[in-house]
Every structure is written in C-alpha cells, then in structure tokens.
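Shown next, in structure tokens, is the structure this report addresses.
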Amino acid sequence: MPVKKIPKVEDKTKLFLLSLLLAFALWSSVSAGSVPIRVSRDMEVLALNAQSSWYYQITPSVVKVTYQVPLLGEKPEPLVYVRLDQAKWGDQQLTVESVAPSGGRVISITPQKVMVHVEPVVSKLMPVSAIGMKVEPGQVIVTGPETAVARVVVVRVQAPEQAYGVVQVKALPVDSAGAEVNEVKVNPELLTVTIQQAKDTLIVEVPVVPTLDVPDGLVLRSYSLTPKTVLLEGSSNTLSGVSYVKTVSVRVGEGVKTVDVPLLLPSGVSVREPNGLTVKITYNAEKMVNKDVVIDDTHYWFSCPESVSLTATTVYMDGNSLVYPRECIYLGKGGTR
C-alpha cells in the first residue's frame, strides 16, 4: 500500500501564518484594552487630614506624575497627596503618596517629597481706620496664619468711588509698609461707609519724590521707596496743583542704608492713614575713585565707582570713539600711573 507524503510548507507560507498569528494576538490584546500607555502631567498635591485650626503651605504645590493606563476606555487620573496628620508645627519634608488609577499604576512622582509649613490659625479683633468717614461695624475680626495676622497693623477701607453718601466697601488688612496682607481673611469682608467729608474735600494718590543729597566723591547706584505713593486729603483748590510730594533732604553716606524720611506737605494738605507722615528710603552709594587703562601705550583716566573694573573688554577704541562703562566719568588721557 503506497504511503501518502505530507506536503512541505514553504518558508513564505510559514512567515505568513506566523504574521497572521501575531496580528490576531495583538488585535485580541487591543480589543481587551490590555495594551497600556504611559502619561506624564503636572498634578496638584492634595492635603489629606488637614485640621481647620492649623494653616498648611505645601511647596511645591504641583508635582510631575508619570502613570500607566489602558489604551482603550476611560483614562482616570491618579490622586497624589500628603498626609497632614503627620505634620508638626514648623517646616518639614513629607513624602507624596498616590492612589493609582483604575486598571493602571503610578510609575513615578517628581519630586517625591515636598516641604510643608505648619502654623496655627489665630484671630484678632481690630478697629477699622477711616478718615472723614463713618464705618459700620467699627471693628472686624482678622483670621489667618499666626505670622500673617501679626503683620497686620491696621485695617482700612477700600477707597470709595463716590465722594459722599453711603456705600459698601471692602475691608483691607495692611502691614507697616501699607501693603495688603493677602494670607488673612477679614470678617465681615464688606463694610458700610458713610462719607461725611464735604463735597469740596478731595482724596488723591500722588507719587513720592525723594530728595537725596549726594556729596562729592560718592555716586548713587540705586534707591527704593516704601511706599512709592501716598494718599493726600485736602480741598480742591489746595490739591489742584499737587502732582507729587517731596521728602526732606537726605544726606547720602557710603554703603547700603535704610532711613525713615518725613514728607514735605503743602499747607492745608494731610496724609491719610495708614501711610503716615514718613516714607522709608533704601539706597546704595559707592565711593568714586580714579582709575586708568592703557590703550596703545596711552593712559586713559576715569573716575569710577570702586566696584567697577576697567579692562580691555570694558574700555576700548571703536574707530575714533572711546567706549567705557557708563558709570564712569572720562577725565582725559596721558601721564603715568
């Protein structure tokens, strides 16, 4: 009886069958949603178990999270958080924990730890300061982090848009420099104000111009003012020609210094609180010294601040023009050291 031979499968047919099998397996995996994808995004760090009587500040408040989810279907995000029941008064580093998305996993969190600042929440009863206005209520409760509440020196009212009458305005907690303290809350936030001033009385905001007396041999490198503007109150006739307020003259000394300087107010004009009658001026002044640099065997002389260096890259000839630092004064050329 003759034996039937099994036909040989050629190599091309083998490759075709293998490719078909792999394609079917890949299709099955995709259909089942089992092929994962990797996602990276910035996510806010949630505060878990925070206590209402404590203030928490998380730095950084956003971390980069890399996680894995299925290719098909919904792609829920993970949750990242710190356990604040582990936090103590002061500054500490806490590990960022996570809850993986359904059907996925969290791969990495950067950074893995965040700095958490903790301090108690306190409240303080403070009067409301307003000139020429009746305010109700006359006292408010300032609540917030202990260090922020301590910075509040006065609660004033937001400048009303109308010159007289009864309006509601916002209560503004401010520090010694006149800046609003944003970390605290005021209760009540809105105040009822009755403006009692005469119609002819104006309130204007003007810049402060410092008067700085810089002696010979010194140069003023920089200065700053706090506050930069003040609120003036007076009659329309008195304030009509007032566009700025000067300070008394300040004799500048060498180095970095901060001084409290009185304002020079026109007659019949007053400063509204909380600005007060003084401003804080911080300045930096340097001694001027003679220096020289040699270009093509010729000495060029300058008077410069001590911190300014003269080199071949800062002093040079550009055609027929001499280029040198703008802080310096050109004295001339020639002579020896």
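Sorting Lys228, Lys170 on the 10 Å Cβ count, fewest up front, what's the list?
Lys228, Lys170
Modelled spin labels at Leu218 and Ser240, positioned 7 Å past Cα toward Cβ, are 4.1 nm from each other.
Placing +1 on each Lys and Arg Cβ and -1 on each Asp and Glu Cβ, with no other charges, gives the range 130-195 a dipole about its Cα centre of roughly 140 debye.
Sequence-distant contacts, meaning Cα pairs under 8 Å at least 6 residues apart, place the relative contact order of the range 100-256 at 19 percent. Stokes-Einstein diffusion of the range 91-221 at 4 °C, 1.567 mPa s viscosity, Kirkwood radius from Cα pairs, rounded to a whole number: 67 µm²/s. Put simply, the amide H of Val96, placed in the peptide plane, has neighbours under 5 Å in Lys113, Val114, leaving out anything fewer than 5 places away on its chain. With R₀ set to 56 Å, the beta-carbon distance separating Lys64 from Asn290 gives a calculated FRET efficiency near 0.50. Using the average count of surrounding beta-carbon atoms within 10 Å as a protection proxy, the listed peptides 56-62, 210-216 rank, highest first, as 56-62, 210-216.
Once the chain from Met317 to His117 is taken as fully extended at 0.36 nm per residue, the excess over their C-alpha distance is 66.4 nm.
Using the Karplus relation 6.51 cos²θ - 1.76 cosθ + 1.60 with θ = phi - 60°, the per-residue 3J(HN,Hα) values for the range 61-67 come to 8, 10, 10, 8, 10, 10, 9 Hz, with x marking Gly and Pro. Residues whose amide H comes within less than 5 Å of that of Thr247, counting only those at least five positions distant or on another chain, are Val209, Thr211, Leu264 (H built at 1.01 Å from N in the peptide plane). Phi angles of the range 117-125 translate, via the Karplus equation with coefficients 6.51, -1.76, 1.60 and θ = phi - 60°, into HN-Hα couplings of 9, 10, 8, x, 8, 10, 10, 9, 7 Hz per residue; Gly and Pro are given as x. Of the cross-linked pairs Lys75/Lys185; Lys287/Lys333; Lys134/Lys228, which ones have a Cα-Cα span greater than 30 Å in the structure shown? Too far apart for the 30 Å limit: Lys75/Lys185. The local environment of Val69, defined by Cβ-Cβ distances under 11 Å, has a net charge of +1 under the rule Lys, Arg +1 and Asp, Glu -1.
The Cβ shell under 13 Å around Met288 holds other residues with a net charge of -2, Lys and Arg each +1, Asp and Glu each -1. Remark: the range 76-93, residue by residue, has Karplus-estimated 3J(HN,Hα) of x, 8, x, 10, 10, 7, 10, 8, 7, 5, 8, 7, 10, 4, x, 10, 7, 9 Hz, where x stands for each Gly or Pro and the curve is 6.51 cos²θ - 1.76 cosθ + 1.60 at θ = phi - 60°.
The alpha carbon radius of gyration of the range 288-333, expressed as a multiple of 2.2 N^0.38 Å, is 1.03. Within straight-line reach of Lys246, meaning a Cα separation under 15 Å, sit the following aspartates and glutamates at least 8 residues removed in sequence or on another chain: Glu205, Asp213, Asp260.
Net charge in the neighbourhood of Thr110 (other residues with Cβ under 15 Å of its Cβ; Lys, Arg +1, Asp, Glu -1) is +1.
Read the figures in this text as sums done on the coordinates, not as results from a lab. Owing to the predicted nature of the structure, the values given are computational and were not obtained by experimental measurement. Glycine also receives a Cβ, built like all others from the backbone with ideal geometry; neighbour counts cover every protein chain displayed.
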